[in-house]
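Trainee: What follows is a structure written as structure tokens; I'll ask about it next.
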Amino acid sequence: GQQVMQIPQYQHVQEGEDFTTYCNSSTTLSNIQWYKQRPGGHPVFLIQLVKSGEVKKQKRLTFQFGEAKKNSSLHITATQTTDVGTYFCAGLSGTYKYIFGTGTRLKVLA
Amino acid sequence: NAGVTQTPKFQVLKTGQSMTLQCAQDMNHEYMSWYRQDPGMGLRLIHYSVGAGITDQGEVPNGYNVSRSTTEDFPLRLLSAAPSQTSVYFCASSPRGRGGDTQYFGPGTRLTVL
């Protein structure tokens, strides 16, 4: 079946350093979504990418969708302690099934 | 709006017991889904529904039943709990469930099966 992998699984950074997580699918995706889950919380939607090569920015966060629509990345510039959490990508499989990546847990050291 | 609500927040079961996890949304969303989250494995889709009376299986449906009698409610039933079902369960909803829809997650139910 379709698989969505994320790397790295864990990342510890000093506050102010940059952070990137990568999402790779075994099949072409029609779209990809990114979610953030704070420790002890639930996933919260961040953004959706649809077009090949698409780049979107939200303040310090930059999201990219690969040209082949099989991979995506999330880059955070100058991390802050509020960025702590686990970041998930989710790709649409067929019409109604979202396949979530394994997630990248980010810890920011002050 | 309360959004997506789940009850209970915590539950401990013994092997072989049955129970129902409740999920409700007040956003008039057609699509609702159940996920389980295990350490290092992300979220895995159990069952989903695209409207009242319509349900389908996700990635890991074995041991779980669902029904959707109303737009608002989507309960998840564990028929005979097993230790492998120890997990955090999230319910989510979205307007239609198709590409382009944001999924809104409930706060989760932490289930332990002894």
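Trainee: I need the phi-derived Karplus couplings for the range B:15-29: 6.51 cos²θ - 1.76 cosθ + 1.60, θ = phi - 60°, integer Hz, Gly and Pro marked x.
Mentor: 3, x, 6, 10, 6, 10, 8, 9, 9, 9, 9, 10, 9, 6, 7
Trainee: Collect residues whose amide H, placed 1.01 Å from N in the peptide plane, falls under 5 Å from the amide H of B:Gly3; neighbours closer than 5 in sequence don't count.
Mentor: B:Asp26
Trainee: Around A:Thr79, with a cut-off of 11 angstrom between Cβ atoms, what is the net charge of the other residues, counting Lys and Arg +1 and Asp and Glu -1?
Mentor: Working: positive: A:Arg60, A:Lys107; negative: A:Glu15, A:Glu17, A:Asp18, A:Asp83.
Overall, the nearby charge balance is -2.
Trainee: Further question on the same structure: With a 1.4 Å probe and all protein chains kept in place, how do A:Val108, A:Val50 rank by accessible area, largest first?
Mentor: A:Val50, A:Val108
Trainee: Can I ask one more? When the chain is fully extended, how far beyond the present Cα-Cα distance does A:Gln14 get from A:Thr62, taking 0.36 nm per residue of separation?
Mentor: 15.4 nm
Trainee: If I take every Cα pair under 8 Å that is 6 or more residues apart in chain B, average their sequence separation and divide by the length, what percent do I get for the relative contact order?
Mentor: 35 percent
Trainee: Tell me, which residues of the range B:13-51 get at least 20 Å² less accessible area when the other protein chains come in, versus the chain alone (1.4 Å probe)?
Mentor: Residues meeting the cut-off: B:Tyr31, B:Tyr35, B:Gln37, B:Gly40, B:Gly42, B:Leu43, B:Leu45, B:Tyr48, B:Val50.
Trainee: Per residue, how many Å² of accessible area does chain A show with a 1.4 Å probe?
Mentor: Accessible area per residue, chain A: 48 Å².
Trainee: When you look at the Cβ of every residue in A:43-52, what mean number of other chain Cβ atoms sits within 10 Å?
Mentor: The per-residue average across the peptide is 3.
Trainee: If you don't mind, another one. Going by the alpha-carbon gyration tensor, a ≥ b ≥ c the square roots of its eigenvalues, is chain B rounded (a/c under 1.5) or, if a/c is not under 1.5, prolate (a/b greater than b/c) versus oblate?
Mentor: Cα axes put chain B in the prolate bin.
Trainee: Please identify, among B:Ser87, B:Ser33, B:Ser49, the residue showing maximal mean-square fluctuation in a Gaussian network model of chain B using a 10 angstrom Cα cutoff.
Mentor: Largest GNM mean-square fluctuation: B:Ser87.
Trainee: Counting protein heavy atoms only and a 1.4 angstrom probe, how many square angstrom of accessible surface do chains B and A bury in total, to the nearest 100?
Mentor: Approximately 1800 Å², summed over both chains.
Trainee: Moving on to the next point. I'd like the Karplus ³J(HN,Hα) series for the range A:97-110: coefficients 6.51, -1.76, 1.60, θ = phi - 60°, whole numbers in Hz, and an x wherever there's a Gly or Pro.
Mentor: 9, 9, 9, 8, x, 6, x, 10, 8, 9, 10, 10, 8, 6
Trainee: Please list the non-local residues whose amide H lies under 5 Å from the amide H of B:Thr86, H modeled 1.01 Å from N, same-chain partners needing a gap of 5 or more.
Mentor: Counting only residues 5 or more places away or on other chains, the set is B:Val113.
Trainee: Using the Karplus curve 6.51 cos²θ - 1.76 cosθ + 1.60 with θ = phi - 60°, work out ³J(HN,Hα) for each residue of the range A:16-24 in order, rounded to whole Hz, and write x for Gly and Pro.
Mentor: Running phi through 6.51 cos²θ - 1.76 cosθ + 1.60 with θ = phi - 60° gives x, 7, 8, 9, 9, 10, 10, 10, 10 Hz.
Trainee: In a shell of Cβ-Cβ distance under 14 Å around B:Gly53, excluding B:Gly53 itself, what net charge do Lys and Arg (+1) and Asp and Glu (-1) give?
Mentor: In short, -3.
Trainee: Between B:Leu114 and A:Gln3, what is the spin-label point distance in nm, taking each point 7 Å from the Cα along the Cα→C-beta axis?
Mentor: In this crude label model, B:Leu114 to A:Gln3 measures out at 3.7 nm.
The values are calculated or read from the model by the stated rules, or taken from the named source; none is laboratory data. Not measured: the values here are computed from a predicted model. Note that we place each Cβ from the backbone using ideal geometry, even for glycine, and neighbour counts take in every protein chain shown. Quick note on the areas: whole protein, heavy atoms, side chains included, nothing else; ligands and nucleic acids left out. Shrake-Rupley method; radii C 1.70, N 1.55, O 1.52, S 1.80 Å.
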